[in-house]
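**Student:** This structure is in structure tokens; I'll ask about it shortly.
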Amino acid sequence: MKKLILMISFCIAVAHLYAQNIVSEPEIGDAESTVSQMPVVIIPEPVSLMKKTGTFTLPENVIIQALKSAELKQSITFLSDRIGTSTGKFVSVVNNATHPTIKLILNSQADPQLGNEGYKLNVNPTQIVITANKPAGIFWGAQSLIQLFPAEMESKELIDNRKWRLPCVDVVDYPKLGWRGLMFDVARHFFTKDEVKRFIDDMVRYKFNLLHLHLADDEGWRIEIKGLPKLTEVGAWSVKKVGTFGDFVPPTADEPRTYGGFYTQDDIKELVQYAQERFVNILPEIDVPGHSLAIIASYPELSCTPDAVNYKVRSGEKIMDWSRGAPPIALVDNTLCPANEKVYSFLDTVITQIAQLFPFDYIHMGGDEASHNFWEKNDQVKALMQRENLKTIPQVQAYFEKRVEQIVMAKGKKFMGWDEILDGGVSPTAAVMSWRGMKYGIQAANDKHNVVMSPTEFAYLDYMQADVVTEPRVYASLRLNKAYQFNPVPASVNAQYVIGGQANLWTEQIFNFRQVQYMLWPRAFAISESVWSPIEKKNWTNFVQRTEEHFKRLDLAETKYSPAIYDPMISVKRSPDKQLMIELTPEIDGLDIYYSFDNSTPDRFYPKYTAAIVPPKDASILRIITYKGKQPIGRLISIPVTDLQKRSR
Ligand code: ACM
């Protein structure tokens, strides 16, 4: 901050001297053809965007004018950093300049259309103006402005000899939903404070304003709680393994438990502040009563199961049997004991500190996938059922949830849980995050619960986005076109109770931050458009074009993304005479697919896919490559024919 004030004061002094002659001559009257070639590629698509004639060219000295500069310091810093880094232009903040390059204006009288996060962005040949009711609106307008510049604006290095020109436009924009979330699971694999900051940097480009941190699960407890030291001494650490998570051999007693980590309370304060400076709220989640093995490994007395004294934080070995569907059969008891008063005092300690650390209104207390098989046999639970007149095990969980909600509310916060909290009867004040499809969210909103929609079929970014040959194996798939169909406010819902929509990034199969990015982008583009843009503005073909332009931006920003849209969807079927037939379906238009069965690498001079193919009798490998015109664009995909045979069974 001090640095910023110094920089601003210095710049005011210097720039003042030059204020009269630093604005380069605008390029008025650019040939219309040049203008129309300049792509306008804002994601998420604004409510209204009018392209006008003419272009704006960034002058050598960029002057930002922000009359309420203290309130707008985040947007000023963001624009100064971004423009200064890639263009090398001299960026200054001068509030009395006669002709500022970029004017940031907070309305003195609120424009009702814009609400708290909307903005107007006007680019004309001589000036850029962003207007909003609130600083958040200016910040989102600044994100749109950066997206109007050439892709090189995203570069982390100076780009020489570039004309920084952008099309003249009038944008009026505001979000569809006030809660536009991404969930980041830092429990299955731990991600550092700096990686979480990078996650925030990436999400705000696309106007997400809520980071849901999944802070506790079977594989790790990730936040320091004073008075409960074992949570971070024991609960934060597992045995490092790589491969296919879930199938690891159980670790032996002598393997070091050094894999993991946690955030200290100072780290959390730093993250909360970092997020706030970018208009992002952090929703903390402590997932109970299921998914609680890290807690139980730390404090076994919180389990109903005596054998819990031998439990360890999970290192990716199998602990659940999903063969009969949900809820799973637990092989170890990873639930907190609902009949043990110590559990509620433990949660009181945790929730008290969480409530102090996170300013956001809500605390998410999980509630998903709690297996009940240990509870069913447990005498303490049976006694609780008798005492509280609970007839079923889901009612036991509902009893637990209501007690936890009381604790959350006693700390001045609102309680939220995954949609399983509806199962045994839910308190009227609980908010619901709908993940097992939209139906629980629709039901809950119609029953007047606040709801955030994050259904698996559209918004689970841990699912595979391409064929399993190119992806870490996960049990389900979600391609970009499906994510783009996410409509968090369907016609059948009581819309006033849908407070948000979000996508969830579980990290069982995500071992590093590059893979976090790969899984987020471009599907999070689709989610951002689903939670920000009016539904009538969504258009798949146009979205794909913008996505491709944004790939260039992500390349320049050195952010990894998945190129899965260029790889065909691969499916198999059997012909009437039982022959294997392979179908290759491009996800987007304009691609040609070439293939080989002779083990060599295909290019565009190989057979072109036109209809389902039957592998030659002795073929052992199908290789596929996708082209756009003469350019290879997809990944080289190789699949043993025996694998394809297995898929058809
Ligand atoms: C969940 O995906 N178990 C909320």
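**Student:** Going through the stretch 403-426 one residue at a time, which ones are modelled with pLDDT of 95 or more, farther than 13 Å from residue 363 by Cα and more than 29 Å from the chain's Cα centre (by Cα)?
**Tutor:** The one that is modelled with pLDDT of 95 or more, farther than 13 Å from residue 363 by Cα and more than 29 Å from the chain's Cα centre (by Cα): 403.
**Student:** Still on this structure, please answer the following. Being over 17 Å from residue 165 (Cα atoms) and either among the hydrophobic types (A, V, I, L, M, F, W, C) or open to solvent by less than 30 Å² (accessible area, probe 1.4 Å) (or both) is the filter here, so list the residues in the stretch 81-94 that pass it. Full working, then the answer.
**Tutor:** Initially, the stretch 81-94 is screened for residues over 17 Å from residue 165 (Cα atoms), giving 81, 92-94.
Listed by number, the residues that qualify are 92, 93, 94.
**Student:** Still on this structure, please answer the following. Run down 121, 67 and say which single residue is hydrophobic (A, V, I, L, M, F, W, C) and over 25 Å from residue 528 (Cα atoms). Break it down stepwise before answering.
**Tutor:** Details: 121 fails: over 25 Å from residue 528 (Cα atoms).
Only one candidate qualifies: 67.
**Student:** Select from the stretch 463-480 the residues that are away from the ligand (no atom under 16 Å from the Cβ) and farther than 16 Å from residue 561 by Cβ and list them in ascending order. Quick ask: steps written out before the conclusion?
**Tutor:** If we filter the stretch 463-480 for residues that are away from the ligand (no atom under 16 Å from the Cβ), which is where we start, we get 465-473, 479-480.
467, 468, 469, 473 - these are the residues of the stretch 463-480 that are away from the ligand (no atom under 16 Å from the Cβ) and farther than 16 Å from residue 561 by Cβ.
**Student:** Identify all residues within the stretch 95-142 that are among the small types (Gly, Ala, Ser) and buried (at least 21 other Cβ atoms within 10 Å of the Cβ); write none if there are none. It would help to see each step written out before you state the result.
**Tutor:** Start the filter on the stretch 95-142 by keeping residues that are among the small types (Gly, Ala, Ser), which leaves 97, 108, 110, 115, 118, 132, 136-137, 141-142.
If the condition is that a residue be among the small types (Gly, Ala, Ser) and buried (at least 21 other Cβ atoms within 10 Å of the Cβ), then 97, 118, 132, 136, 137, 141, 142 are the ones that fit.
**Student:** From the list 452, 426, 432, 396, pick out the single residue that is open to solvent by less than 30 Å² (accessible area, probe 1.4 Å), more than 15 Å from the ligand (Cβ to nearest atom) and either in a loop (DSSP other than H, G, I, E, B) or over 22 Å from residue 475 (Cβ atoms) (or both). Give the derivation first.
**Tutor:** On the way: 452 fails: more than 15 Å from the ligand (Cβ to nearest atom); 426 fails: open to solvent by less than 30 Å² (accessible area, probe 1.4 Å); 432 fails: more than 15 Å from the ligand (Cβ to nearest atom).
Among 452, 426, 432, 396, only 396 is open to solvent by less than 30 Å² (accessible area, probe 1.4 Å), more than 15 Å from the ligand (Cβ to nearest atom) and either in a loop (DSSP other than H, G, I, E, B) or over 22 Å from residue 475 (Cβ atoms) (or both).
**Student:** Which condition does residue 523 not pass, out of (1) open to solvent by 10 Å² or more (accessible area, probe 1.4 Å); (2) of a type in the set (D, E, K, R); (3) within 17 Å of the chain's Cα centre (by Cα), if it passes all the others?
**Tutor:** The number of the failed condition is (1).
**Student:** Right, residue 166: over 17 Å from the mean Cα position of the chain (by Cα), surrounded by fewer than 20 Cβ atoms within 10 Å (Cβ to Cβ) and either of a type in the set (A, V, I, L, M) or not in a loop (DSSP other than H, G, I, E, B) (or both) or not?
**Tutor:** Details: over 17 Å from the mean Cα position of the chain (by Cα): yes; surrounded by fewer than 20 Cβ atoms within 10 Å (Cβ to Cβ): no; either of a type in the set (A, V, I, L, M) or not in a loop (DSSP other than H, G, I, E, B) (or both): yes.
Spelling it out, it is not the case that residue 166 is over 17 Å from the mean Cα position of the chain (by Cα), surrounded by fewer than 20 Cβ atoms within 10 Å (Cβ to Cβ) and either of a type in the set (A, V, I, L, M) or not in a loop (DSSP other than H, G, I, E, B) (or both).
**Student:** State all residues of the stretch 526-544 that are in a loop (DSSP other than H, G, I, E, B) and of a type in the set (S, T, N, Q); if no residue qualifies, say none. Show your work before the answer.
**Tutor:** If we filter the stretch 526-544 for residues that are in a loop (DSSP other than H, G, I, E, B), which is where we start, we get 533-534, 538-539.
Scanning the stretch 526-544 gives 533, 539.
**Student:** Would you mind telling me which numbered condition in (1) of a type in the set (Ser, Thr, Tyr); (2) out of contact with any helix residue (DSSP H, G or I) (no Cβ under 9 Å at 6 or more places or on another chain); (3) modelled with pLDDT of 95 or more residue 392 fails?
**Tutor:** With respect to (1) of a type in the set (Ser, Thr, Tyr); (2) out of contact with any helix residue (DSSP H, G or I) (no Cβ under 9 Å at 6 or more places or on another chain); (3) modelled with pLDDT of 95 or more, residue 392 is out only on (2).
**Student:** Another question, if that's okay. Going through the stretch 524-540 one residue at a time, which ones are closer than 15 Å to residue 465 by Cα and either within 16 Å of the ligand (Cβ to nearest atom) or among the small types (Gly, Ala, Ser) (or both)? Before the answer, list the steps.
**Tutor:** Step one: list which residues in the stretch 524-540 are closer than 15 Å to residue 465 by Cα, which gives 524-527.
Selection gives 524, 526, 527.
**Student:** Could you list, in sequence order, the residues of the stretch 209-252 that are among the polar types (S, T, N, Q) and buried (at least 24 other Cβ atoms within 10 Å of the Cβ)? First the steps, then the outcome.
**Tutor:** Just the residues of the stretch 209-252 that are among the polar types (S, T, N, Q), to begin with: 209, 232, 238, 244, 252.
Hits for the stretch 209-252 are 209, 238.
**Student:** For the stretch 496-518, which residues satisfy the criterion of being within 14 Å of the ligand (Cβ to nearest atom) and open to solvent by less than 10 Å² (accessible area, probe 1.4 Å)?
**Tutor:** Scanning the stretch 496-518 gives 502, 503, 504, 505, 507.
**Student:** Could you check how many residues of the stretch 60-110 are of a type in the set (Val, Ile, Thr), assigned to a loop (DSSP other than H, G, I, E, B) and at pLDDT 95 or above? Walk me through it before giving the result.
**Tutor:** So in the stretch 60-110, the residues of a type in the set (Val, Ile, Thr) come out as 62-64, 76-77, 83, 85, 87, 91, 93-94, 98, 101-102, 105.
With assigned to a loop (DSSP other than H, G, I, E, B) added as a condition, the list becomes 94, 98, 101.
In the following step, the residues that additionally are at pLDDT 95 or above were identified as 101.
Adding up the residues that qualify gives 1.
**Student:** If you take the residues in the stretch 231-260 that are touching a helix residue (DSSP H, G or I) at 6+ places or on another chain (Cβ under 9 Å) and part of a loop (DSSP other than H, G, I, E, B), which one is nearest to residue 198 (Cα to Cα)?
**Tutor:** Checked the stretch 231-260; the qualifying residue nearest to residue 198 (Cα to Cα) is 236.
**Student:** Can you tell me how many residues within the stretch 586-639 are of a type in the set (Ser, Thr, Tyr) and in contact (Cβ under 8 Å) with a residue 60 or more places away in the chain? Explain how you work it out, then say what you get.
**Tutor:** Quick first cut of the stretch 586-639, residues of a type in the set (Ser, Thr, Tyr) only: 594-596, 600-601, 606, 609-610, 620, 626-627, 638.
When the remaining residues are screened for being in contact (Cβ under 8 Å) with a residue 60 or more places away in the chain, the result is 626, 638.
Summing the residues that are of a type in the set (Ser, Thr, Tyr) and in contact (Cβ under 8 Å) with a residue 60 or more places away in the chain in the stretch 586-639 gives 2.
The values are calculated or read from the model by the stated rules, or taken from the named source; none is laboratory data. No experiment lies behind these values; they were computed from the predicted model shown. When we count neighbours, we look across all protein chains shown, and the Cβ atoms used for this are built from the backbone with ideal geometry, even at glycine. All accessible areas refer to the heavy atoms of the entire protein, side chains included, with ligands and DNA or RNA removed. Shrake-Rupley method; radii C 1.70, N 1.55, O 1.52, S 1.80 Å.
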